[in-house]
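Reading through the structure tokens given below for one structure.
Derivation of every value follows stated rules applied to the coordinates shown; laboratory data play no part. The structure presented is a predicted model; accordingly, all values stated were derived computationally and were not measured. FYI the Cβ positions are ideal-geometry reconstructions off the backbone, even for glycines, and counts take in every protein chain you see.
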Ligand SMILES: [Zn+2]
């Protein structure tokens, strides 16, 4: 992909030494350097990944995140519960904090807020935890938080991909995928490698939705990591490898089991990624019908309002065409699914966590209010 004319990046890149310019152009071509990037910070993070000088202190580890969720469940036992959704490839529990009290007779609207499909997107772990904490701590004093907790059931999943996250935090900070060794690809001449991109692996098993995982015209087993069939690859070595088959990854299975289980009555999902300050709605590979587009534009612009209208609201195919993304499958199942790309780099200094999470949480509150007002029973 060529750098677009409208992009502010060429001028920003030109200020760097030639060797750095070459690195930055390569990052741009991979989609790792985006229009609103803090170019110096992204370069610093990338170099840290090469030298192994990872600065993850201040971000929650998997164990610390689990303890933080457990602590909330202990403090608010009648409002929050720690639930395992299943195990990751390396055997870690994928935890959700369920906030709210389910009503089996008359199910309340369910919401899912996820972080860290992609290992290196560290701030996306912190946002769901912050929103869950805010909801519970303000229950007694803020009637809006009380309504959200009483009238919806919200599942906070800060770490969808715990194996990749721990690897990124301790070994290779630029790691994006999960950590499952791929032995069998189903393709000749493609040797296995480690990791599937969980956000290219979504398929609900319904034949009519198969093209959302693998679009018509895609060449199965192609090793070309090209843009022609979208930013989704069949090559196990690629960062955007879609996996040997749709829904093959245990992390994706765990999420789909939560999200598509009719008993959970899930109506809305916000999936956090970084970076770019974008609110993305489906589809990654085709267009929404007009009535659905209207709903997404309405909810998205209300969320953007509380974010100071600093975000770009657009279909995810505008960032780059993809298939196998979570929100395409959510939308195909009648669930409103948004992706928020937050911040200006993958791993801002941990000192920015309080400000960044406090800035984003109101958008989650707006989303909860929108789902509640659209789907709550009288
Ligand atoms: Zn991501």
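Let me make sure I get this right: for region 182-329, a, b and c are the square roots of the gyration tensor eigenvalues over alpha carbons, sorted descending. Under 1.5 in a/c it's rounded, otherwise prolate if a/b > b/c, else oblate. Which is it?
prolate
What's the angle, to the nearest 10 degrees (0 to 90), between helix 18-29's Cα axis and the longest principal axis of the chain?
50 degrees
Run the numbers on region 1-132 and let me know its relative contact order in percent, using alpha-carbon pairs under 8 Å that are six or more apart.
Value for region 1-132: 14 percent.
Stokes-Einstein at 4 °C, 1.567 mPa s, Kirkwood radius from Cα pairs: D for the chain in µm² s⁻¹?
Here the translational diffusion coefficient equals 62 µm²/s.
With springs connecting C-alpha atoms under 10 Å apart, model the chain as a Gaussian network and identify which of 151, 347, 287 has the largest mean-square fluctuation.
Ranking 151, 347, 287 by mean-square fluctuation puts 287 first.
Once the Cα atoms of helix 290-306 and of the chain are each reduced to a long axis, what angle between those two axes, in degrees from 0 to 90 to the nearest 10, is obtained?
Long axis of 290-306 versus the principal axis of the chain: about 80 degrees.
Relative to the longest principal Cα axis of the chain, at what angle does helix 62-75 sit, 0 to 90 degrees, rounded to 10?
Helix 62-75 and the main axis of the chain meet at about 10 degrees.
Rounded to the nearest 5, what % of the DSSP beta bridges within the chain are antiparallel ones?
Taking every DSSP beta bridge with both residues in the chain, the antiparallel ones total about 40 percent.
Determine the principal axes of the Cα atoms in region 9-51, then give the extent along each, sorted from largest to smallest and rounded to whole angstroms.
Its Cα atoms span 27, 20, 16 Å along the three principal axes.
For Cα pairs less than 8 Å apart in space and 6+ apart in sequence, what is the mean separation divided by the residue count of the chain, i.e. the relative contact order in percent?
Contact order relative to length: 19 percent.
Specify whether the C-alpha gyration tensor of region 55-94 places it in the rounded, prolate or oblate class, a ≥ b ≥ c being the square roots of the eigenvalues: rounded for a/c under 1.5, otherwise prolate if a/b is larger than b/c and oblate if not.
Judged from the Cα gyration tensor, region 55-94 comes out oblate (a/c at least 1.5, b/c at or above a/b).
So for 365, 65, fewest C-beta neighbours within 10 Å to most, what's the order?
Taking fewest neighbouring Cβ atoms as first place, the list is 365, 65.
Cut-off is 10 Å between beta-carbons; in what order do 278, 303, 255 appear when sorted fewest neighbours first?
Arranged by neighbour count, lowest to highest, 278, 303, 255 become 278, 303, 255.
Within 10 Å of each residue's Cβ, count the other Cβ atoms and sort 135, 24 from fewest upward.
Fewest-to-most ranking of 135, 24: 24, 135.
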